[in-house]
Amino acid sequence: MRSTLRLPVSACLLGLGFAAASACGPADPAVSSSDAASAVPEFPSTNRPEVRGTHGAVSAGQPLAAQAGLEVLKEGGHAVDAAVAMAAVLAVVRPHMNGVGGDAFVLFWDPEAGTVRALNGSGRAGALATPEFFADAGENEMPYTGALSVSVPGAVAAWVDAHAEYGRLPLARLLEPAIGYARDGFPVTTRLASDIEDQGGDLAPEAATLYRPRGSAPEPGTLLRNQALARTLERIADQGKAGFYQGPVAERIAAFLEERGGYLRASDLAEHTSTWTEPLRVSYEGHDIHAFPPNTQGIAQVQLFEMAKAHDLPGMGHNSPAYLHTLVELKKLAFADRDRWASDPTFTDLPMDELQDADYLAARAGRVGATAAESVEPGVGEPLPERDPGDDSGDTVYLTAVDADGNAVSWIQSLYAGFGSGLLEPETGVMLQNRGALFTLQEGHPNQVAPGKRPYHTLSPLLALRDGELAFTLGTPGGDSQPQSLLQIVNNLLLFDMTAQAAVEAPRFRSYDGRAVALEDRVPLAVRSELEMMGHEIRLVSGWTATFGGAHMIRVDPETGTLNVASDPRREAYGLAW
């Protein structure tokens, strides 16, 4: 049963967006509420053409990666083969956002088995990582960069484990493109040069020597090489996980971090394992949407979809003040529970049944009022003292693939911050993540750092089924904007009947702490003004920026069964099909 948010009278008088007749009362008696609900605006694909195919499709956070994935599919590779090839290329050509020194999370659709599986490729804290270790180092909160922010990198193990489970082509073949780009160089794009200039100012000397050789980013078109990384990738191609987690690579990384006061040792890398697990699932608009369980924020994604069902979003109209206000307020409710509980479930008995209970979430959704809330408390469990969440900008890459047999992969990997910890081990060429920064030192918090524990993660890919068949894959970079952006995109697709590309390109919001909300400048002035009257503090963002993520989608057309690829112009996303 959907409830309706009633707007202040001013919104009705302004006639903003496509506000529901049930919220304001029809301005014209001849216009019915069903007419208002069906008055969906057209959102043409203004940046990217539609990409469609019949045999397979890929999308990745850089065109060279997408090309590598499509070539693998054309050779008869499994969707996982294509994904591993793309993941490895992205580790080279988007070095500030992801890499062999980062983590990964993957959802798999196996049509033959009729199952969706999840692979947790995130690393853990080392055996020395107790709160006392940080206290002895003089830290009273988790360091954001440097050696103390580095947890075990899990991405390489995820590559190898996914390939071992599903792959058809040899691992060495899949890593060939990445090895070539690292060894021989790839041309720096304008976007990469800009990102390096913006995010590379505090790099440690070893990383700065590679990525800012003359004190600034390389010029667009310059060939960027990381030959030490090429050698590391060759070891992985030849030896699998042992080429990274044991032997010279692991020993060098561990020694490098120990010299700088870190807690990781070679034994921590040697003991790392990925984890196969069951995804979370929520029913939404005739689709079964699968999300990632804790230690990720996928629980917030599930809550958002479930709470959205309590409101007449189509009746409010796309990006109307009522619609945007409702989604922003639902986000606050979901994030309150997320911040209270999202953590490694092997260390804490998380109340997952309560957090996903439909009656509980319907009651939570009913708390949305007519004005912006400054803050809300979790609905399950007592609030905890506030902790510093760190920079949640989310420098991440997403990739997805569907092959000729209908196998599908929804894959996300990251270093966390731009250039992660800021540390690059020069003999291996590995840029090390700072995922450990997302632990807390707060006594008693479910996400308090502990040996062998995985930190809270923002990474949360999606995969949706319809009537037991693949409907779409979807994901985006963007830190805590991920569940917000993904809900908006799914609504664009399922509630407002947009094409996949239009659903990705439509203007978005991003809610921050308190009442702060970023809006793209394509949202009309009148809508922004009404939101401000409702108490939201609007930050206008011009152009197509990474603030709102960089989404990718592969949709199986419900009418024709063909593959439709959507890739976000807000970043370097690129989709291909055949």
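Just so you know, all these numbers are worked out from the coordinates, no wet-lab data involved. Keep in mind the model is a prediction, meaning the values are calculated, not measured. As a convention, Cβ positions derive from the backbone with ideal geometry for all residues, glycine included, and neighbour counts pool all protein chains shown.
Quick notes on this one:
- Rounded FRET efficiency, nearest 0.05, which uses the C-beta distance separating residue 537 from residue 376 and R0 of 22 Å: 0.85
- To the nearest ten degrees, helix 298-308 and the longest principal axis of the Cα atoms of the chain are 10 degrees apart.
- Out of every Cα-Cα pair that the chain contains, those further apart than 36 angstrom amount to 31 percent.
- For residue 224, distant residues with modelled amide H under 5 Å away: 186, 188
- Residues residue 529 and residue 127, FRET efficiency given R0 of 51 Å [Cβ-Cβ distance, rounded to 0.05]: 0.40
- For residue 471, the residues 5 or more places off, or on other chains, whose built amide H falls under 5 Å of its own are 464, 465, 466.
- Kirkwood hydrodynamic radius (C-alpha pairs) into Stokes-Einstein, the stretch 407-510, 37 °C and 0.692 mPa s, D in µm²/s: 199 µm²/s
- Remark: relative contact order (the stretch 269-427) = 17 percent; criterion is Cα-Cα distance under 8 angstrom and separation of 6 or more residues.
- For the stretch 421-578: relative contact order, % (alpha-carbon pairs under 8 angstrom, 6 or more apart): 18 percent
- Here the 3J(HN,Hα) profile of the stretch 187-203, calculated from phi with Karplus coefficients 6.51, -1.76 and 1.60 at θ = phi - 60°, is x, 5, 7, 4, 5, 5, 4, 5, 5, 4, 5, 6, 10, x, x, 10, 5 Hz, Gly and Pro shown as x.
- Rg and Dmax of the stretch 283-358, Cα atoms only, in Å: 13.6, 43
- Sorted peptide list for 486-499, 232-245, criterion being average Cβ within 10 angstrom, highest first: 486-499, 232-245
- In order through the stretch 399-413: 3J(HN,Hα) via Karplus (6.51 cos²θ - 1.76 cosθ + 1.60), integer Hz, x for Gly, Pro: 8, 8, 8, 10, 9, 5, 8, x, 5, 9, 9, 10, 9, 9, 8
- Net charge of Cβ neighbours under 9 Å - reference residue 346; Lys, Arg +1; Asp, Glu -1: +1
- GluC sites (Glu not before Pro) restricted to DSSP loop in the stretch 47-109 with at most 15 other C-beta within 10 Å: 50, 75
- Paramagnetic reach from residue 113 in the stretch 51-87 [backbone N under 16 Å; point 7 Å along Cα→Cβ]: 78-81
- Cα-Cα over 24 Å, subset of 309/453; 309/331; 241/453: 309/453
- Local net charge near residue 565, Cβ-Cβ under 14 Å (Lys/Arg +1, Asp/Glu -1): -2
- Local electrostatic count, residue 115, Cβ distance below 14 Å [Lys/Arg +1, Asp/Glu -1]: -4
- Evaluating 6.51 cos²θ - 1.76 cosθ + 1.60 at θ = phi - 60° for every residue in the stretch 137-149, the Karplus couplings come out as 7, x, 9, 10, 8, 5, x, 7, 9, x, 4, 6, 9 Hz, glycine and proline recorded as x.
- Stretchable slack from residue 559 to residue 259, in nm (0.36 nm times residue separation minus alpha-carbon distance): 102.1 nm
- A Cβ-based charge dipole, computed about the Cα centre of the stretch 437-578 with Lys and Arg at +1 and Asp and Glu at -1, lands at about 360 debye.
- Alpha-carbon Rg/Rh ratio, for the stretch 81-232, with Rh computed the Kirkwood way: 1.03
- Mean projection area, nm², convex hull over Cα of the stretch 298-456: 13.5 nm²
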